[in-house]
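Here is the structure we will look at.
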Amino acid sequence: TMSLAPRLIPAVALLVAGTFVLSGCGPASAPAESAPPPAATTAAPEPVETTVPEPVVAADDPACLVGDWLITEEALTRYFAEVSGSLGAPITFAPVGTAGMHIGDDGTYSYTPDVTITQTMAEITTVIKLGGTIEGTYVATPGVIKTDAVITNGLVIEASVNDIVLDPTAISEEITGAPIGNATFVCSADALTLTTTIADAAAVTELVRQ
């Protein structure tokens with residue numbers, strides 16, 4: 001009898017070969033899709049701050065006068081020292097307090113002192129207390145301001161000499177009046193300097209803007 005082994009071996013080999021052939025002829029697997037690159041992010045631009053420059057006002061421009069001003073105690077002390085020097089007599093003034101002034105763009109002003117002034121000459125001591133308000137109108141041209149008219153004189157003056165009550169009408173206007181009677185001025189955003197003439201000498205009032 002013929003053995004089956006020689007017949008089976010070629011058959012098995014053919015089957016195996018066919019299997020490999022079928023495997024090689026199958027459809028090729030599709031390559032894996034790659035993930036798209038991340039979108040580039042652009043940082044938002046930083047906001048640019050713009051500074052609008054303050055309008056420059058000339059030092060002699062009447063528009064610079066408009067506003068609320070304060071005469072400090074130190075400025076009052078310097079002013080009265082100049083007044084004392086202009087009077088040509090051994091008089092000293094020692095002010096305590098401040099004075100406010102409003103200059104309107106409508107040609108009006110108000111002066112509001114709250115000051116006690118001690119005036120000493122030889123052995124005579126005069127104490128002057130100023131309060132209340134003076135209201136009036138003014139006219140200003142480049143570098144010059146003048147009072148035009150007094151609308152309301154609500155100034156309150158108390159005076160005594162060596163503790164004896166004095167008639168306040170005898171007090172000089174250089175001491176009690178608003179410092180803009182007839183003055184030249186130099187003005188800036190923060191400060192105002194008024195220069196008046198007393199007994200042919202200059203007296204300077206310095207104010208700071210409020």
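The values are calculated or read from the model by the stated rules, or taken from the named source; none is laboratory data. Because the structure is a prediction, the values reported are computed rather than measured. As a convention, Cβ positions derive from the backbone with ideal geometry for all residues, glycine included, and neighbour counts pool all protein chains shown. Remember, those area values only see protein heavy atoms, side chains included, never the ligands or the DNA or RNA. Shrake-Rupley method; radii C 1.70, N 1.55, O 1.52, S 1.80 Å.
Between 114, 106, which is loosely packed, with under 13 Cβ neighbours inside 10 Å, within 21 Å of residue 207 (Cα to Cα) and without any contact (Cβ under 8 Å) to a residue 24 or more places away in the chain?
106
Considering region 90-115 alone, what residues qualify as being out of contact with any Asp or Glu (no Cβ under 8 Å at 6 or more places or on another chain) and farther than 18 Å from residue 154 by Cβ?
90, 91, 92, 93, 94, 105, 106
Sort out which residues of region 86-103 are under 14 Å from residue 129 (Cβ atoms) and either free of Cβ contacts under 8 Å to residues at least 12 places away in the same chain or open to solvent by less than 70 Å² (accessible area, probe 1.4 Å) (or both), and write them in order of number.
If the condition is that a residue be under 14 Å from residue 129 (Cβ atoms) and either free of Cβ contacts under 8 Å to residues at least 12 places away in the same chain or open to solvent by less than 70 Å² (accessible area, probe 1.4 Å) (or both), then 93, 94, 95, 97, 98, 99 are the ones that fit.
Among the residues of region 129-149, which ones are at negative phi, out of contact with any Pro (no Cβ under 8 Å at 6 or more places or on another chain) and either open to solvent by less than 70 Å² (accessible area, probe 1.4 Å) or not in a strand (DSSP E or B) (or both)?
133, 134, 136, 137, 138, 144, 147, 149
With the checklist (1) surrounded by 14 or more Cβ atoms within 10 Å (Cβ to Cβ); (2) touching an Asp or Glu at 6+ places or on another chain (Cβ under 8 Å) in hand, flag the one item residue 210 doesn't pass.
Among (1) surrounded by 14 or more Cβ atoms within 10 Å (Cβ to Cβ); (2) touching an Asp or Glu at 6+ places or on another chain (Cβ under 8 Å), the lone unmet condition for residue 210 is (1).
If you take the residues of region 167-207 that are closer than 25 Å to residue 123 by Cβ and touching a Ser or Thr at 6+ places or on another chain (Cβ under 6 Å), which of them is surrounded by the fewest Cβ atoms within 10 Å (Cβ to Cβ)?
Per the criteria, the residue is 199.
Determine, yes or no, whether residue 97 is at positive phi and either in contact with a helix residue (DSSP H, G or I) (Cβ under 9 Å, 6 or more places away or on another chain) or not in a strand (DSSP E or B) (or both).
yes
So the check is Cβ under 9 Å with 6+ separation or different chains; which pairs have a first residue in region 68-85 that's farther than 15 Å from residue 195 by Cα and acidic (Asp, Glu) and a second one that's in a strand (DSSP E or B) and open to solvent by 40 Å² or more (accessible area, probe 1.4 Å)?
From residues that are farther than 15 Å from residue 195 by Cα and acidic (Asp, Glu), the pairs are 68/102; 68/209; 73/96; 73/98; 74/206.
Which residues, counting only those in region 176-202, are within 26 Å of residue 156 (Cβ to Cβ), modelled with pLDDT of 90 or more and in a loop (DSSP other than H, G, I, E, B)?
If the condition is that a residue be within 26 Å of residue 156 (Cβ to Cβ), modelled with pLDDT of 90 or more and in a loop (DSSP other than H, G, I, E, B), then no residue fits.
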